[in-house]
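Computed from the coordinates by the stated procedures, all read-outs in this text should not be read as laboratory data. On a predicted model such as this, the values are computed, not experimentally measured, just so you know. Note: ideal-geometry Cβ built from the backbone for every residue, glycine included; neighbour counts use all protein chains shown.
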């Protein structure tokens, strides 16, 4: 199960618009244009990534990495699916047995720092990218708006990344929603955007989910005219926020947080720059044109910072 989740999360990064990794050269991997789509964009960067067409389905796309990461392909039908091979590079990643911890705490050694930015940008360095960074590796669905759960001071509407499950995903949506309610004393209605979030949607630059998010914003304000709408989006979901905001009036959105945003150089509709915060980890191939795919998967560690920004941008103070 843990390997399935990690491989699914990895697809979020490699399936996004390839202009962000075009003409990249990764140290030790040789050079290549990386102009394809999805996994194709990485074939020229990592020889053999596509795997063997005659091999078994579970080994597809991973065999080419075995020369770089011993043991990656694994063997037999083990539930680790070869990810235990990463243990030589990332201590603790392989975990043990069927433990729900999945050994992801070892990922901290990969990410010595990260950067976040808004119009008033800031940056931070340090670790802490263990299991909490993956938002629990689960998935969730929140329908506070569509189920009309009642009016609260804030409404948080979030768009998940490519291939994430539920309508909130797992990497960052659920932990931000949880932190918002923790900081405000459960004064936040949480709603996920139901949209395909598939690889093909990346080429639409947010259009596959933007109209749905905009509709949810209008529904929330119709049901609760005094609520303050807060938006969030991760990866493809960040592009969904851009698309939705472009069709909304300035007064309909209070603040927004975006994670691993391929369009971070662009504004968010008519929303003032100081009401938007972009989180972009060092090495993220989607928002920083970096070469570390895994850097795109750790934004759960920024959940509290993001929640505090949203509440403060809405004009309230946070307790901590």
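Worth pointing out:
- The lone exception for residue 176 - which of (1) surrounded by 24 or more Cβ atoms within 10 Å (Cβ to Cβ); (2) outside any helix (DSSP H, G or I) it fails: (2)
- Segment 183-201, residues that are touching a residue at least 24 places away in the same chain (Cβ under 8 Å) and not in a loop (DSSP other than H, G, I, E, B): 183, 184, 188, 189, 190, 191, 192, 199, 201
- Test: residue 155 is surrounded by fewer than 18 Cβ atoms within 10 Å (Cβ to Cβ), touching a strand residue (DSSP E or B) at 6+ places or on another chain (Cβ under 8 Å) and touching a residue at least 40 places away in the same chain (Cβ under 8 Å): no
- With respect to being surrounded by fewer than 21 Cβ atoms within 10 Å (Cβ to Cβ), more than 17 Å from residue 173 (Cβ to Cβ) and touching a residue at least 24 places away in the same chain (Cβ under 8 Å), residue 222 falls outside the description.
- Residue ID - surrounded by the fewest Cβ atoms within 10 Å (Cβ to Cβ), chosen from residues in segment 263-299 that are in contact with a helix residue (DSSP H, G or I) (Cβ under 8 Å, 6 or more places away or on another chain) and farther than 21 Å from residue 242 by Cα: 282
- Annotation: residue 285 fulfils all but one of (1) touching a residue at least 40 places away in the same chain (Cβ under 8 Å); (2) on the phi > 0 side of the Ramachandran plot; the unmet one is (2).
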